[in-house]
Amino acid sequence: WIASSDIYDFASDVNSRALALGLAGSKWNNYLPPLEKLFSAMNFYVQTGIITGTIDVEGNDEEQNVYLFGEKVRYLGEASSVKGTDFLHVLGHISKNGRFVHVIKVSIANVVEKLIFGFACSLIGDMKSITDTKSVLKNLSDKDKDENDIEAIFHAD
């Protein structure tokens with residue numbers, strides 16, 4: 001596995017405007033937003049990478065070249081133990097220009113509601129945080145599309 005991007009760390013890289021909108025959309029149990037609970041649950045980082053090589057397929061005499069693209073998400077916090085936590089991760093590749101994107105939507109009961117954030121990466125691996133807080137990230141469910149299809153509309157600087 002070879003890293004193909006910088007590391008995206010929620011604590012330092014999340015867009016502050018998107019964070020403010022996500023916090024404002026939730027009903028808190030106190031007068032102030034529970035930031036400690038949010039940052040404890042969202043203590044993670046993301047990095048994309050590639051694996052290249054060859055494989056032998058049984059019944060085929062020739063080795064096949066393989067190029068696999070993906071990412072690792074390392075949770076260091078307590079996201080899995082916080083009740084009412086809902087994550088949606090979308091990793092996409094734009095074949096037209098070789099860029100890739102990672103968009104995340106998260107809701108944590110009484111903490112944050114529909115916080116949408118993430119990044120876009122260039123061919124050389126530099127990242128730009130998503131800045132458009134009017135992002136749309138939803139599962140599509142019309143007749144012509146599979147229920148698992150995702151639509152994402154956003155901007156990154």
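The values are calculated or read from the model by the stated rules, or taken from the named source; none is laboratory data. In this text the structure is predicted, and so the values were computed from the model without any measurement. Using ideal geometry, Cβ is built from the backbone for each residue, glycine included, and neighbour counts are taken over all protein chains shown.
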Query raised in the report: Would it be correct to say that Q64 is among the polar types (S, T, N, Q), under 14 Å from the mean Cα position of the chain (by Cα) and modelled with pLDDT of 85 or more?
Result: no
Query raised in the report: Here are N110, N65, N60: which of them is touching a Pro at 6+ places or on another chain (Cβ under 9 Å) and either closer than 16 Å to L23 by Cα or not charged (D, E, K, R) (or both)?
Result: N110
Report task. Considering every residue within segment 99-111, establish whether at least one is of a type outside the set (G, A, S), assigned to a loop (DSSP other than H, G, I, E, B) and touching a Lys or Arg at 6+ places or on another chain (Cβ under 6 Å). Result -> yes
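Give me a count of the residues in segment 11-21 that are in contact with a strand residue (DSSP E or B) (Cβ under 6 Å, 6 or more places away or on another chain) and modelled with pLDDT of 85 or more.
Kept after step one, since they are in contact with a strand residue (DSSP E or B) (Cβ under 6 Å, 6 or more places away or on another chain), are these residues of segment 11-21: 13-15, 18.
Within this subset, residues satisfying the condition of being modelled with pLDDT of 85 or more are 13-14.
Matching residues across segment 11-21 total 2.
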Query raised in the report: If a residue has to be under 14 Å from the mean Cα position of the chain (by Cα), farther than 15 Å from V111 by Cα and touching a residue at least 40 places away in the same chain (Cβ under 8 Å) to count, how many in segment 7-48 make the cut?
Result: 9
